[in-house]
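Only one structure is covered here, and it is reproduced in the block below.
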Amino acid sequence: MANDFVKTFVQMCKYLQEPCHVARFQNFCGVKGTFPVKTSKPDSGQPEQDGTGLRKRVQQSSEISVGNGATGDATGAQVNGMQGDNAAAPGGASDPDTARAKPLRRNSLTGDVGQEFLIHNKFLFYLFTFGTELGNEMFFIIFFPFVFWNIDALVSRRLIVVWAWNLFVGQSTKDMVRWSRPASPPVVKVEVFYNSEYSMPSTHAMTGTAIPFCLFMLTYGRWQYPFLFGFGVALSWSVLVCVSRVYMGMHSILEVITGFLYSLLILAFFHPILDKIDSFYMMGHYAPLVIIVSHVSLGLVAFSLDSWSTSRGDTAQALGTGAGAALATHVNYQLGLLMDPPLSSLPLTFPSISTSLVFLSLLRFLIGVAVLLVTRMIMKAVTIPFLCRLFGLPSDDVRQARQHMKVELPYRYIVYSVVGFSCVCVVPLLFRILNLA
């Protein structure tokens, strides 16, 4: 009985991992590929395996002939994103509801700009592009400060803890499992930025599930709002991010489901102890030492799992941000600068929307983001050349230099720990000086 269940489970997993399901979903949503003319043995749709049975990464080039009359030169001349309102349909006809497009960002490791494709449903294209951004690191770099400066500092601090650990566990699992992205063809690569990373589980699905549900669990009861409203927002956010990863051709159905369930497991572990972690960061005598050693150690573990890729940088970036925010929390508490409302004021109520409130929130956000961007720019300009000189590496090729762990790891940690510290400590202090708190 148990063996039959295991066999059925394995067969179901293999079925959900097949790239043909991703291609069917894309076709249903109006995404059509302009795949290369077959000049060699066609892709079987199954990932290659090396001698140890590990799946290899798939790297593709866009400088090739494509179907539908397009050529490599024509494709290379196109800019990323939508290519216009009309696109040539088969047979030379023009379809006003179809647009040619290319991935919005080039591959971060290879520089590949991706393969041209056709969009027959622009609404879904923009919807799922927005959805996938809700799971990107750049969104959270904007989202966490906004929540911290304008809504609830305590909630933002704890969200950063969950985000950092979630990314570390997810990216490390990817580098241990080592499954490649869905094969193309048949899958259309609507996004190529992360195409050189491994894919199991989907870390977009993980962060896109952990953050909204953690936000819901941290705020429900602390803030006054209906349960169904909060749960509905969290579920909608999560589903949109998860489905968008299949639409983008970056993950199979199995990888997205795994990421969703994996994040819930991580959240179930961390949520009960978030209060203790936050209290230790604030009041622990050895908190600064523990914060630095633990976050750097986790980064070393992540960097030792596999060769360089964007996942290593993303992990170090999240851990560095988490370390900086945690150190700033300790400093704020020791200096009496914490902005947490007293327990007697709970539950909190949302203030009525007014012009002055919106203006003040936007002003704080714009000033704070400007400070963080300037901080990041200065730290980046100083850190990379310094590390290259320290380790005797050429600094003229930044992409090549950052493929060395001894450059990428300290660079990400130093830059983003300072950014995280500035977000939680320096910017709020500036707000007090400017009477914006």
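Can you tell me how many residues within segment 320-375 are in contact (Cβ under 8 Å) with a residue 60 or more places away in the chain, closer than 16 Å to residue 426 by Cβ and of a type in the set (S, T, N, Q)? Total meeting the criteria: 3. For residues that are modelled with pLDDT under 90 and among the charged types (D, E, K, R), tally how many sit in segment 277-309. Adding up the residues that qualify gives 1. Working only within segment 128-180, note down all residues that are more than 28 Å from residue 357 (Cβ to Cβ), out of contact with any strand residue (DSSP E or B) (no Cβ under 6 Å at 6 or more places or on another chain) and among the aromatic types (Phe, Trp, Tyr). 128, 165, 168 - these are the residues of segment 128-180 that are more than 28 Å from residue 357 (Cβ to Cβ), out of contact with any strand residue (DSSP E or B) (no Cβ under 6 Å at 6 or more places or on another chain) and among the aromatic types (Phe, Trp, Tyr). Test residue 181 against the stated conditions and say whether it is part of a helix (DSSP H, G or I) and among the basic types (Lys, Arg). Here the answer is no, as residue 181 does not meet what is asked. Considering segment 310-321 alone, what residues qualify as being open to solvent by 10 Å² or more (accessible area, probe 1.4 Å), out of contact with any Gly (no Cβ under 7 Å at 6 or more places or on another chain) and either of a type outside the set (Asp, Glu) or at pLDDT 80 or above (or both)? If the condition is that a residue be open to solvent by 10 Å² or more (accessible area, probe 1.4 Å), out of contact with any Gly (no Cβ under 7 Å at 6 or more places or on another chain) and either of a type outside the set (Asp, Glu) or at pLDDT 80 or above (or both), then 310, 317 are the ones that fit. Taking the stated definitions as given, is residue 378 assigned to a helix (DSSP H, G or I), touching a residue at least 24 places away in the same chain (Cβ under 8 Å) and surrounded by 12 or more Cβ atoms within 10 Å (Cβ to Cβ)? So residue 378 fails the test.
A search for C-beta distances below 6 Å between a residue of segment 426-437 that is surrounded by 13 or more Cβ atoms within 10 Å (Cβ to Cβ) and any residue that is hydrophobic (A, V, I, L, M, F, W, C) and not in a helix (DSSP H, G or I), counting only pairs 6+ apart in sequence or on different chains, returns 431/437.
Residues that are free of Cβ contacts under 8 Å to residues at least 12 places away in the same chain and open to solvent by less than 50 Å² (accessible area, probe 1.4 Å) within segment 381-390 comprise just one, 385. The number of residues in segment 197-240 that are under 21 Å from residue 152 (Cβ atoms), touching a Gly at 6+ places or on another chain (Cβ under 6 Å) and open to solvent by less than 30 Å² (accessible area, probe 1.4 Å) comes to 4. Residues that are at pLDDT below 85 and not in a helix (DSSP H, G or I) within segment 1-30 comprise just one, 1. The set of residues in segment 337-349 that are in contact with a strand residue (DSSP E or B) (Cβ under 7 Å, 6 or more places away or on another chain) and in a loop (DSSP other than H, G, I, E, B) comprises 341, 347. Being part of a helix (DSSP H, G or I) and under 26 Å from residue 280 (Cβ atoms) holds for only one residue in 388, 423, and it is 423.
If you go through segment 155-175, how many residues are in contact with a Phe, Trp or Tyr (Cβ under 9 Å, 6 or more places away or on another chain), over 17 Å from residue 279 (Cα atoms) and open to solvent by 10 Å² or more (accessible area, probe 1.4 Å)? Qualifying residue count for the region: 3. Specify the residue that is most open to solvent (accessible area, probe 1.4 Å); the eligible residues are those in segment 364-375 that are of a type outside the set (D, E, K, R) and closer than 15 Å to residue 437 by Cα. Checked segment 364-375; the qualifying residue most open to solvent (accessible area, probe 1.4 Å) is 366.
Look through segment 337-363, keep the residues that are among the small types (Gly, Ala, Ser) and open to solvent by less than 80 Å² (accessible area, probe 1.4 Å), and return whichever of them is nearest to residue 422 (Cα to Cα). Ranking the qualifying residues of segment 337-363, first place goes to 361. The single residue among 143, 130 that is of a type outside the set (D, E, K, R), open to solvent by 10 Å² or more (accessible area, probe 1.4 Å), assigned to a helix (DSSP H, G or I) and farther than 26 Å from residue 279 by Cα turns out to be 130.
Taking the conditions exactly as written (of a type outside the set (Val, Ile, Thr), open to solvent by 20 Å² or more (accessible area, probe 1.4 Å) and farther than 30 Å from residue 20 by Cβ), does residue 260 satisfy them or not? Judged against the criteria, residue 260 is not a match.
The values are calculated or read from the model by the stated rules, or taken from the named source; none is laboratory data. As the structure is a prediction and not an experimental result, all values here were calculated from the model. When we count neighbours, we look across all protein chains shown, and the Cβ atoms used for this are built from the backbone with ideal geometry, even at glycine. Ligands, DNA and RNA are excluded from the accessible area calculation, which covers all protein heavy atoms including side chains. Shrake-Rupley method; radii C 1.70, N 1.55, O 1.52, S 1.80 Å.
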